[in-house]
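One structure below.
The values are calculated or read from the model by the stated rules, or taken from the named source; none is laboratory data. These numbers come from a predicted model, not from an experiment. Cβ placement follows ideal geometry from the backbone for every residue including glycine, while neighbour counts extend to all protein chains displayed. Please note that ligands, DNA and RNA were not included when accessible areas were found on the heavy atoms of the full protein model with its side chains. Shrake-Rupley method; radii C 1.70, N 1.55, O 1.52, S 1.80 Å.
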Amino acid sequence: TVDPGRAALAALVRTARAEQTVGAVRLVDIAADADDTAAVAAVRSAPGEDVSAVRDGGAHVQRLRPVPEPDALTVPREILPVGGTALLTGGLGGIGREVAGYLLSALGARLLLTGRTPEAGLGGERREALEEFRELGEVAYVSVDAAEGPALEAAVADAERRWGRPLDAVFHLAGADVRDHWDALEAHALTAETADGLAAMMRPKAGGAQALEGLLAARPGTAAVLFSSVNGFFGGSSFGAYAAANAALDGYAERWAAEGRAVRSIAWSMWDRTGMNEGSPLAAAARHRGLRGIDPARGVQLLLAALARPETCLLAGPDPANAYIAPYVTGVRRRGPAGPARAAYSPPEGELEREVAAVWEDVLGVERVGRDDTFFVLGGDSLRVMRMIGRLNERFAAALPVSAVYDHPTVRALAAVLS
Ligand SMILES: NC(=O)c1ccc[n+]([C@@H]2O[C@H](COP(=O)([O-])OP(=O)(O)OC[C@H]3O[C@@H](n4cnc5c(N)ncnc54)[C@H](OP(=O)(O)O)[C@@H]3O)[C@@H](O)[C@H]2O)c1
């Protein structure tokens, strides 16, 4: 059986790699009764892999498999029938509102929405959405923390009495706001992250899933749809705690699926103009790494596609052809770390290029940066982008936006912008 806590480790390892916290880090999952020699041999047989498992004397690695989208896009009956009942934790958040609106208008579903905010405290968009939903159908909102099992159970039992039928599905969207990370990337790198920071990310997602596990135990026919993030698979610079929480969520999905439940965990890349990523300064960095933005209408389409697929864990948004994604996609052999190859060395020309190259060498910890080197190929992540642009702005009393390096990613091009 899957241990969701351990599932979170892979996300921490990939975050450590992305942040270059340590020279080398690998996660090897070895069964307790494995033969040591066979295990070591199996691990050696998969060099360059960041995450592998040894089972029956052989090494297994994680790969993504592109799957086609089904033609007919409707919510399958076994997840939520027409007129069915659903709990949406975090249901008044940005994505929750899109999902609730769809379930109400397309399925005539009866909904129980939750969040921590008391109804009287709901402001702006959330209050308006709730009023609108109540005109569309039967919608209740209850203020309850997703990780509070007994309170959640009481709210659901109460709704079931009103509905006169059991809960058909849970859509678990509760997630801690990551917006405060944007101005504090250094503070959320793995070497600086605190136990409180980790707990804050874990509580709504993994704590919420644990509470749901209790709720679901008494409701074997209830389906579960978990809203996870691509960070859970790929890790994320300065988002290690968030990544771990999402990987744990995927772990719960695997565990419930193994018990025979209808369950999906969908790991999204950023939704455009929606919810916690609205206005994110990291959108350009994500796109560069093949994590495409998702228009809300497309998001609902992808949700329906994922529900119609038989797989438990799906990623929505990554571009399998992107150089950072491709090494994780089945059929593509990994050659060294993920990402495109480094350009042949040609020395920086002129004072400006030499200064830019020197800042890059310092920020990236790389020697002999050439004028055609690309910041991201040398291991630049969003945290290092911020540091590097900050250093250049200070040095040249300039005001380059962070996006400059995405549009002009080589030393030569960035120096030209500075000049
Ligand atoms: N937006 C994206 O691009 C994106 C991408 C990948 C994954 N996701 C995932 O999708 C889910 C929804 O995201 P979103 O963008 O809609 O976020 P959002 O707008 O911030 O909504 C999240 C909701 O969760 C609620 N919440 C937070 N902590 C809670 C807790 N402990 N118990 C109960 N409710 C809690 C919040 O309401 P209260 O403050 O009232 O509690 C809020 O309404 C999240 O799990 C997120 O990680 C989003």
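Things to note:
- Restricting attention to region 58-94, the residues that are open to solvent by 40 Å² or more (accessible area, probe 1.4 Å) and β-branched (Val, Ile, Thr) total 4.
- Taking region 1-112 as the region of interest, the helices (runs of 4 or more DSSP H) fully inside it that hold 3 or more residues being in the same structural domain as TRP163 (by TED's automatic domain parsing) and in contact with a strand residue (DSSP E or B) (Cβ under 7 Å, 6 or more places away or on another chain) are 94-107.
- Test: ILE95 is among the β-branched types (Val, Ile, Thr), modelled with pLDDT of 95 or more, away from the ligand (no atom under 11 Å from the Cβ) and under 25 Å from SER229 (Cα atoms): no
- Here is the figure for region 162-181: residues that are modelled with pLDDT under 95 and either open to solvent by less than 40 Å² (accessible area, probe 1.4 Å) or not assigned by TED's automatic domain parsing to the domain that holds GLU278 (or both) total 2.
- GLU278 vs. criteria near the ligand (Cβ under 8 Å from one of its atoms), open to solvent by 40 Å² or more (accessible area, probe 1.4 Å) and acidic (Asp, Glu): yes
- Test result for GLU213, assigned to a helix (DSSP H, G or I), more than 14 Å from the ligand (Cβ to nearest atom) and touching a Cys at 6+ places or on another chain (Cβ under 8 Å): no
- Residues in region 388-401 that are crowded, with 17+ Cβ neighbours inside 10 Å and either over 30 Å from the mean Cα position of the chain (by Cα) or in contact (Cβ under 8 Å) with a residue 60 or more places away in the chain (or both): LEU392 only.
- Filtering region 386-419 to residues that are part of a helix (DSSP H, G or I) and touching a Phe, Trp or Tyr at 6+ places or on another chain (Cβ under 9 Å) leaves MET388, VAL405, TYR406, VAL411, LEU414, LEU418.
- One residue alone among ALA184, ALA159, ALA189, ALA200 is open to solvent by 20 Å² or more (accessible area, probe 1.4 Å), more than 11 Å from the ligand (Cβ to nearest atom) and either modelled with pLDDT under 95 or out of contact with any Pro (no Cβ under 6 Å at 6 or more places or on another chain) (or both), and that residue is ALA184.
- When VAL43, VAL22 are checked against the criterion of being surrounded by 12 or more Cβ atoms within 10 Å (Cβ to Cβ) and more than 22 Å from the chain's Cα centre (by Cα), a single residue qualifies: VAL43.
- Flag for LEU80 being closer than 30 Å to SER143 by Cβ and within 16 Å of the ligand (Cβ to nearest atom): no
- Residues satisfying the stated conditions in region 113-140, i.e. in a strand (DSSP E or B) and surrounded by 23 or more Cβ atoms within 10 Å (Cβ to Cβ): LEU113, THR114, GLY115
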